[in-house]
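Right, one structure below, let's go through it.
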Amino acid sequence: MKCCYDPDIEAHGACVNCRVPLCKTCNMEAELADGLCIACNRQKKSFRFYGYFRIGMCSLGMVWLALAFLVVFPGDMQSGFTYGLLGLLGAFALNTVGAQVIQRSTLWGLKPETRVFVSLHRYSVTGNKMYFNQALRAMKKIEDITPFKDALFDQIVSILINLPFDLPADWVEYLCENFNMTEEELLDGIMEFGIDVFEDNIFNHHVYQAIEPYIEILKRTDNEKLYHELIDKILTRLNTIDFKAANRPPVYTVPGMQQQQPAQQENPNVIRDRAFLTELKMIDAELEDFLTRTKRKSDWKAISDIIDNYQLPKVPKSTFEAAKAMAAQTQQQLKGPDGVAGTKDDLGDPSRVKICAECGISFSEAQLSTYVFRDISVNVCSECLSTLEKDGHREPRLLASIRKPKEYKKLVDESEED
């Protein structure tokens, strides 16, 4: 991979913040700046200044509001509020503009080719389209991109691997148009600089979303040999999957709520297996077409038998649904591996497990506290007890749902569907 600041030189290091590739000289300069590249070092200094700027703008907005009430329109609450609100909105607008200016100014003054490749790298890492647009504007200032072809295809391949979902369906035409090249030039460049990178990321770094653009490249270049090699590697990868664990419902978490049993955290290998199987489900029609056409029906049957029996993870529609799923999983785990209450492998006594009236998660009696609202006594966990008291001693959510028949019926219907 080429250095993004000197795109005609091989990279030997990377920025500790944005991981942009750096040559030896740029890497030495970065080490003197706490491992930060030029753009990240500028950004660090700029945002330090922006912190003071933001405080100043907020203070100015509050002073404006006070002057509106006390000096400009004393005694006129409506006019004072309107005038003061304009000041607050102005301060907010200046803060927003300041942040955008600082974000865009980190590459000012750099060579056009440097701006192109640093911006493309930042886009591939963050997905922020602003960097992609900056790169396109900078490319117009480069008379001949040929000397930096290697660096350009490094970044194009990186975008295809990390952000295929951010590109349009006709991404080949889209990239050809934006980088001023023909389809043949684009695909030949990717084949020359990116084949090993694609395979390494897919099968060694588990970046499975890269399979789809990789197949599109192989189809457009009529490279059946590499396509067959990809299928062979997919079959090999399928042999390593723990299907029982992959089909097990994933562990849900509720934002802002601590897991009650840390041991329930998902195994990283299981998460990768699910991601791989999910990707295969998304391209099953493409795999079937290729394997049937090339007379590898037995291999397609082996793949289809596996992905047909894999159920896509159900994503909770709301925090309450996630809380219910967590409660069900906790109850099941308390029953032990055999799933039957009252046996020796039980992790707890299911009969003594109760549900928090706020978050819906199940706990043992010892973990629950009594909470009284309008003479109604309910069980809540310590986390929710603290939240309810901070919120002004309000009614717990599940209790409120039960007290309102329409909402209660809706909850019952949802639980029956599950």
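Worth pointing out:
- The calculated FRET efficiency for the pair Asp34 and Asp8, based on their C-beta separation and a Förster distance of 35 Å, comes to about 0.85.
- Computed E for Ala302/Asp166 - FRET, C-beta separation, R0 30 angstrom, nearest 0.05: 0.40
- FRET efficiency, Arg220 to Ile283 (Cβ-Cβ, R0 22 Å, nearest 0.05): 0.90
- Cα gyration tensor, the range 40-105 - rounded (a/c under 1.5), prolate or oblate: prolate
- Computed over the range 1-153, Kirkwood Rh from alpha-carbon pairs, angstrom: 17.8
- Once backbone amide H atoms are built at 1.01 Å from N, Ile355 has Phe363 as its partners under 5 Å, excluding neighbours fewer than 5 places away on the same chain.
- Inter-label distance for Val97 and Leu67, nm, one decimal - labels placed 7 Å from Cα along Cα-to-Cβ: 1.8
- Amide H contacts for Gly13 (H built 1.01 Å from N in the peptide plane; partners 5 or more residues away or on another chain; cut-off under 5 Å): Leu22.
Read-outs throughout are calculated quantities, based only on the coordinates presented, and are distinct from any laboratory measurement. On a predicted model such as this, the values are computed, not experimentally measured, just so you know. Backbone-built Cβ (ideal geometry, glycine too); neighbour counts: all protein chains shown.
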